[in-house]
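Q: One structure follows; several queries about it will come next.
The values are calculated or read from the model by the stated rules, or taken from the named source; none is laboratory data. Because the structure is predicted, anything quoted here is derived from the model rather than measured. All Cβ positions, glycine included, derive from the backbone under ideal geometry; neighbour counts span all protein chains shown.
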Amino acid sequence: MISSNLSAIFYLVSGVLFILALRGLSSPETSRQGNLFGILGMIIAITVTFLSIGNFSSGFIFVLIFILVGGSIGAFIAYKIPMTAMPELVAGFHSLVGLAAVFVAISAFLNPEAFNLGVSGNIKLGSLIEMSIGAAVGAITFSGSVIAFLKLQGIMSGSPITFKGQHPLNAIILLSIIVLIYFLCSTQSTNLFWFLLATSFLIGFLLIIPIGGADMPVVISMLNSYSGWAAAGIGFTLENTALIITGALVGSSGAILSYIMCKGMNRSFFNVILGGFGATENTSGSSTKEQKPVKSGNADDAAFLMKNASSVIIVPGYGMAVAQAQHALREMVDTLKKNDIKVSYAIHPVAGRMPGHMNVLLAEANVPYDEVFELEEINNDFANADVAFVIGANDVTNPVAKTDPQSPIYGMPVLDVEKCKSVLFVKRSLSPGYAGIDNDLFYKENTLMLFADAKKMTEDITKNL
Amino acid sequence: MEIDPLIFRLSIFILSIFVGYYVVWSVTPSLHTPLMSVTNAISSVIIVGAIIAGLSGNSETIFNTSSIFGFLAIALAAINIFGGFLVTQRMLAMYKKKKKDK
């Protein structure tokens, strides 16, 4: 058994190691080392916990068994999961953090003596407040992440679910959570505690159902943030520095990511959270524009255009992930490079279903990361490029965002794809994207539509090159 | 007058938010997915609370309601710790610079 002062210092060390783990992610070279710092921090935190309890009775064996069981499940998932399923995986993991926070809070509420928080029925007020906030946020994280997971997995429809009085209902439930915490703290009633948990689960569910599929990058980042605040809440209860530091880090990390994602869509956080985007506009714009002529081509035409180009910019989007076209795409690019054509990739901040989704897929297909550029880095290059190859992206290339103040996506930063000499647009049909609006790019003089599955089309082009 | 220890914890919390703010802004956007998976893994340090909860029973009754919730939380957090760090490792191993040109 080690003294509580010593263990507090070790917890601080592990908190610092977690900071270094995030710091490592500033560049791919240092990132692997950063991950090792994170693992080391975790080992220290767990070891110190065992040493400070000093109870190596039979209970200890069970702790090890549960760690082993959970650990093997986790390791199995980590090795089996395809990279295209990363958004689902992260959503699933968030739900587990949330549920773990809830379970720890339940345990502490039922047996406060073990945590040094007073006795059952008379828990220290401060601890009780911290614990109930941690439990409520954890429960919201859990049920919200489960919904996000179901939507991403396709088990539940990705389209927003809205009903009348949704927002007032949510507001009432959120208010009642605060009232419940107040009464819980004054009465210490176990029933109120269960009721608080149930209400929090419910609101987590209700908050996420109105948010549509393409807004998932914001939702996942937001839930990431929540899982951090839940951990911090529990950290205050347990008076544990490692947990408080980690909770604050994760909380602010998720908040920053949500901010970046919202900025990428030029929408306010509240606009995304209130949901329903893209559900109502479907009917309006489409009827007038259907008559416009569209030039469509086949793999042969596309190969011809690219063979005669000197530089090509690839614009990948969620459709590439759905079609699993990243490997086929890289093979096409390899062929282009053999013909001395300069190729780069342009990634919009909200391409895909989570922050950095496209980058991971391209990395998986062995695309070197120094050929992949962010919107601001590459947007000026479109004017000098010969061909833009849009694969699975739509709204993020729509010039309407720059020209039509009436459009729902007006003001959103978009890739200046139309400035290229010619645009190849791989898409299954002319149907509008997530925002429910027509893409003007389809009807441009220099656009050639390639109607096909992204993977098949890319393979066909490679054959024709 | 003595300062409540809560104030110290609050200070750590607030300062960590600032540290997190600056550290996360310096993360390159191409690594945002690994950032999410690694934050997931480290937030599972909540396992320390779960371990305390799991070991809260005495030698006669290892399993009481409170410790059962603790054991469940241990398993959940362990899935996250192993899964989170390993999947991050797997992703980061894929980020390569251009070297074998052609």
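Q: Quick test of your reading of the structure: A:Ile2 fulfils all but one of (1) within 24 Å of the chain's Cα centre (by Cα); (2) loosely packed, with under 15 Cβ neighbours inside 10 Å. Name the failing condition by number.
A: (1)
Q: Continuing with this model, one more query. Looking at region A:376-386, can you tell me whether even one residue there is in contact with a helix residue (DSSP H, G or I) (Cβ under 6 Å, 6 or more places away or on another chain), of a type in the set (A, V, I, L, M) and under 30 Å from A:Met86 (Cα atoms)? Outline the logic, then answer.
A: Within region A:376-386, the first condition is being in contact with a helix residue (DSSP H, G or I) (Cβ under 6 Å, 6 or more places away or on another chain), and the residues that meet it are A:382-383.
From the residues that got through so far, the ones that are of a type in the set (A, V, I, L, M) too are A:383.
Then drop every residue that is not under 30 Å from A:Met86 (Cα atoms), which leaves none.
Checked against the condition, which is being in contact with a helix residue (DSSP H, G or I) (Cβ under 6 Å, 6 or more places away or on another chain), of a type in the set (A, V, I, L, M) and under 30 Å from A:Met86 (Cα atoms), region A:376-386 yields no hits at all.
Q: Does at least one position in region A:87-97 carry a residue that is closer than 20 Å to A:Thr237 by Cβ and either surrounded by 23 or more Cβ atoms within 10 Å (Cβ to Cβ) or at the interface with chain B (Cβ under 7 Å from one of its Cβ atoms) (or both)?
A: Within region A:87-97 (the criterion being closer than 20 Å to A:Thr237 by Cβ and either surrounded by 23 or more Cβ atoms within 10 Å (Cβ to Cβ) or at the interface with chain B (Cβ under 7 Å from one of its Cβ atoms) (or both)), the answer is yes, since at least one residue qualifies.
Q: So which residues in region A:42-62 are under 18 Å from A:Val13 (Cβ atoms) and of a type in the set (Phe, Trp, Tyr)? Write out each step before concluding.
A: Narrowing region A:42-62 to residues under 18 Å from A:Val13 (Cβ atoms): A:42-52.
Of everything in region A:42-62, just one residue is under 18 Å from A:Val13 (Cβ atoms) and of a type in the set (Phe, Trp, Tyr), namely A:Phe50.
Q: Sticking with this structure for a sec: If the requirement is being among the hydroxyl-bearing types (Ser, Thr, Tyr), at the interface with chain B (Cβ under 8 Å from one of its Cβ atoms), crowded, with 16+ Cβ neighbours inside 10 Å and free of Cβ contacts under 8 Å to residues at least 40 places away in the same chain, which of these qualifies: A:Ser14, A:Ser26, A:Ser72, A:Ser58?
A: Numbers: A:Ser14 fails: free of Cβ contacts under 8 Å to residues at least 40 places away in the same chain; A:Ser72 fails: crowded, with 16+ Cβ neighbours inside 10 Å; A:Ser58 fails: crowded, with 16+ Cβ neighbours inside 10 Å.
After applying the criteria, what remains is A:Ser26.
Q: Taking strands (runs of 3 or more DSSP E) that fall entirely within region A:364-465, which contain at least 2 residues that are closer than 30 Å to A:Tyr79 by Cα? Give the steps one after another, and end with the answer.
A: Details: elements: A:372-374, A:387-391, A:422-427, A:447-451.
Of the strands (runs of 3 or more DSSP E) lying wholly inside region A:364-465, those with at least 2 residues that are closer than 30 Å to A:Tyr79 by Cα span A:372-374.
Q: Please pick out the residue among A:Lys263, A:Lys295, A:Lys307 that is within 20 Å of A:Pro413 (Cβ to Cβ) and modelled with pLDDT of 80 or more. Spell out the reasoning first.
A: Numbers: A:Lys295 fails: within 20 Å of A:Pro413 (Cβ to Cβ); A:Lys307 fails: within 20 Å of A:Pro413 (Cβ to Cβ).
Just a single option satisfies the conditions, and that option is A:Lys263.
Q: A further question on this structure: Go through region A:340-381 and give me each residue that's facing chain B (nearest Cβ under 7 Å) and among the aliphatic types (A, V, I, L, M).
A: Those that are facing chain B (nearest Cβ under 7 Å) and among the aliphatic types (A, V, I, L, M): A:Met354, A:Val360, A:Ala363, A:Val372.
Q: Of the residues that sit in region A:208-233 and are surrounded by fewer than 24 Cβ atoms within 10 Å (Cβ to Cβ) and of a type in the set (A, V, I, L, M), which one is farthest from the other protein chains (Cβ to nearest Cβ)?
A: A:Ile209
Q: I'd like to check which helices (runs of 4 or more DSSP H) are fully inside region A:51-169 and have at least 2 residues that are touching a helix residue (DSSP H, G or I) at 6+ places or on another chain (Cβ under 9 Å) and polar (S, T, N, Q). Give the derivation first.
A: Details: elements: A:58-80, A:86-110, A:125-153.
Here the list reads A:86-110, A:125-153.
Q: Follow-up. Those residues that are small (Gly, Ala, Ser) and out of contact with any Asp or Glu (no Cβ under 8 Å at 6 or more places or on another chain), I need them from region B:1-55; list them, please. First the steps, then the outcome.
A: From region B:1-55, those small (Gly, Ala, Ser) are B:11, B:16, B:20, B:26, B:30, B:37, B:41, B:43-44, B:49-50, B:53-54; that's our starting set.
Listed by number, the residues that qualify are B:Ser11, B:Ser16, B:Gly20, B:Ser26, B:Ser37, B:Ala41, B:Ser43, B:Ser44, B:Gly49, B:Ala50, B:Ala53, B:Gly54.
Results for (1) among the polar types (S, T, N, Q); (2) touching a strand residue (DSSP E or B) at 6+ places or on another chain (Cβ under 9 Å); (3) within 13 Å of B:Val45 (Cβ to Cβ), shown as yes or no for each residue.
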| position | (1), (2), (3) |
| --- | --- |
| A:Val219 | no, no, no |
| A:Ala232 | no, no, yes |
| A:Gly235 | no, no, yes |
| A:Thr241 | yes, no, yes |
| A:Ala248 | no, no, yes |
| A:Ser258 | yes, no, no |
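Q: Right, next: Out of region A:30-41, which residues are over 23 Å from the mean Cα position of the chain (by Cα) and within 8 Å of another protein chain (Cβ to nearest Cβ)?
A: A:Gly41
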